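Each reported figure results from applying straightforward, stated rules to the coordinates on display, with no laboratory input. Just so it is clear, the model here is predicted, and its values are computed rather than measured. Backbone-built Cβ (ideal geometry, glycine too); neighbour counts: all protein chains shown.
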């Protein structure tokens, strides 16, 4: 059964040498671009570095009106690729201590905060969740969006301007991306573990997985299923094919996917302080110092 699945995606559920979930469907972040705004700003290719990404966002944001350069989804660490491309790690390799409070992190946060104070980064990046940032990009007034593949189908339904000629698809600089993962697990407290396993096997078998992939147009990490979906989309929906193709590439550069049983508590400790810095409520160094203390406390509790 294990051999069915994409190794890099499956490895997201490895803890203490064991796999704890079976994939249901998977995705990772990519960079959606507004080609008309790129052309208006004189930009010909997506950015290949963090500095270039910020410079492009500034150029697009200088276009006037309600125009801004860049948006990101922020839940489930989906923004972390912006930080990882600057060489910053959240935790030490043993996952026991904070490792993010470095000069590179402070500089990165300062750059993001400056861009957010202007028109380079849309402030909804740090305050919205799903509908708000995707709606802002669908309006056609934002140059770039960092989101995962399922966002495409929401955007397509909201933005009349979106088609194969106007929507660009690219990797973030360094090919870094953050996965968003959905899988089946069996509760330790179940009274029927064998029946639960039979259910997982049924749901993830070829026929059921293919039906789900074809209906939802999402990847399952089941290699043969995903290959069949991609072959169909390549001719029937070329733009959706380009979006999903990014989900199968550079899966060795996933970040923001630490195997933490207390992941939600770590996020709740870290993100408000990052948000304080990005929205100008605190200076970057003070915010990272406060975040370090809070994250360290959660790690000790674990």
Once fully extended, how much extra length lies between residue 175 and residue 35, figured as 0.36 nm per residue of separation less the alpha-carbon to alpha-carbon distance? 48.4 nm
Any idea what the relative contact order of the stretch 203-282 is, in percent, if you count C-alpha pairs under 8 Å spaced at least 6 apart? 16 percent
Stokes-Einstein D for the stretch 131-261 at 37 °C, 0.692 mPa s, Kirkwood Rh over Cα pairs, in µm²/s? 194 µm²/s
Please report, in Å, the Rg and the Dmax of the stretch 239-302, where both are computed over Cα atoms only. 16.3, 46
Under 8 Å for C-alpha pairs, at least 6 residues apart: give me the relative contact order for the chain, rounded to a whole percent. 29 percent
Over the stretch 1-145, what relative contact order in percent results from Cα pairs under 8 Å that are six or more residues apart? 30 percent
Most to least packed among 62-69, 132-139 [average Cβ atoms within 10 Å]: 132-139, 62-69
When the chain is fully extended, how far beyond the present Cα-Cα distance does residue 66 get from residue 44, taking 0.36 nm per residue of separation? 5.7 nm
Rank the residues 225, 142, 218 as a footprinting-exposure proxy: fewest other Cβ atoms within 10 Å of their Cβ go first. 218, 225, 142
Distance in nm between label sites at residue 107 and residue 11, each 7 Å beyond Cα in the beta-carbon direction? 2.9 nm
Mind pulling the per residue volume of the convex hull built on the Cα atoms of the stretch 93-185? Å³ is fine. 165 Å³
Provide the convex hull volume over Cα atoms per residue for the stretch 1-119, in Å³. 150 Å³
Rounded to the nearest 5, what % of the DSSP beta bridges within the chain are antiparallel ones? 75 percent
Sequence of 79, 184, 241 once ranked by neighbouring C-beta atoms within 10 Å, starting from the fewest: 184, 241, 79
Less than 15 Å from a label point 7 Å out along the Cα-to-Cβ axis of residue 3: which backbone N atoms in the stretch 218-245 qualify, by residue? 223-224
Using the count of nearby Cβ atoms within 10 Å as a rough guide to exposure, how do 253, 18 rank from fewest to most? 18, 253
Please report, to one decimal in angstroms, the Kirkwood hydrodynamic radius of the chain built from all distinct Cα-Cα pairs. 20.3 Å
